[in-house]
Amino acid sequence: MARIKLATALLLLAAVSYGEDIRGTVIVKQQLTRKRVTAAPTPYQRGPAVALRSDHHDDPLAAERARVVIYIEGHGAAAPIPGASVTATITATMEQKDRRFVPELLVVPVGSTVSFPNLDPIFHNVFSLSKPKSFDLGNYPRNQTRVVTFLKPGVEFVNCHLHSNMSAAIVVTPNKWCVIADRNGQFNLPDVPAGTYTVVAWHKAAGCIKQAVSVVPGRGATVEFFVPLGEAGVENGLTDVPAKVEAKVQATVEARVEAKR
C-alpha cells in the first residue's frame with residue numbers, strides 16, 4: 001500500500017512539474033477579413049516594378065482560423081513551480097516582400113525581438129503608433145533589416161510610411177504560452193502547470209475573447225472559442241475591438257504618405 005501511495009505521489013509530482021496541455025478549437029463561421037490586393041504603384045512611387053500579390057485562399061474560413069492568436073493572460077500560474085520560467089524570449093522575422101508584410105501576423109512572448117528584412121528591390125519603412133511600443137525604423141533598401149525588441153505585452157499594429165496598403169499585427173504576450181491556431185482551428189499550449197487560468201483568443205477584426213480554464217494534473221484542459229461571438233459564445237465576453245484602432249492608424253498612415261508626395 002505504501003508503495004502504491006508513493007507511486008501515485010510521484011506521478012502527481014511529475015504532472016505538476018512538467019505541466020499539462022491546454023488543447024482547443026477555434027470555430028469561425030463567417031469571413032471576417034476583407035480580401036487584400038497589393039496596390040499598383042502610383043506615378044509618385046519610384047523604383048523597379050514589384051510583382052503584385054493578393055490574398056488567395058481556397059478556404060476563406062480556414063484562413064480566418066489561422067488568424068487567431070491564443071495565449072494565457074497574465075504571468076501564468078498563481079503559484080508557479082519553483083525555478084520554472086514563464087518567459088521564453090525568441091527572435092522572429094516579419095519580411096517585407098511583394099509590398100506586403102510576410103507573415104501578416106506574429107505572436108511572440110514579451111522580451112522577444114522581431115527582425116524586419118526588406119526583400120523587395122525598393123525602399124520600405126516599418127513603424128508603429130501602438131501603445132505598447134511606438135517606433136519608426138526609417139526607410140531602408142533591399143537586403144537590409146532593422147530589429148525591435150518588445151518589452152511590454154500588447155498588440156502592435158505595424159505599417160509602412162511608403163506604402164499605405166502594407167499592414168500587419170504583432171501580438172506580444174505576457175508569457176511563453178502562446179500560439180496561432182492552425183487552418184483547422186486546432187491549437188495546443190503545452191506544459192502548463194496545474195491551476196486556473198484565463199485563456200485569450202485574439203482576432204484582428206473580432207478582438208479578444210476570454211475563457212477561464214482549469215488545468216488538472218494528469219488531464220490538462222480543453223477549450224472552445226467561437227469567433228466572432230455569437231449566441232453560442234456570448235458568455236466568453238468580447239473585451240476589445242482592435243479593428244477600430246487599426247482603422248485610425250491606417251487613416252494616419254495614408255495621410256502621412258499623401259503628405260510626403
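Only the coordinates and a few stated rules stand behind these numbers; no lab work does. Every value quoted in this text rests on a predicted model; they were computed, and no experiment measured them. For neighbour counting, all protein chains shown are included, and Cβ atoms are generated from backbone atoms with ideal geometry for every residue, glycine included.
Brief remarks on what is shown
- Put simply, when 62-70, 180-188 are sorted by average Cβ atoms within 10 angstrom per residue, most first, you get 62-70, 180-188.
- Amide proton proximity set for PHE226, modelled H, under 5 Å, gap of 5+: ILE27
- In order along the range 168-174, the Karplus-derived 3J(HN,Hα) couplings, from 6.51 cos²θ - 1.76 cosθ + 1.60 at θ = phi - 60°, round to 7, 9, 10, 9, 9, 9, x Hz, and Gly and Pro are given as x.
- Of LYS133/LYS204; LYS97/LYS152; LYS29/LYS133; LYS29/LYS131; LYS35/LYS176; LYS35/LYS152, pairs whose Cα-Cα distance is over 29 Å: LYS29/LYS133; LYS29/LYS131; LYS35/LYS176; LYS35/LYS152
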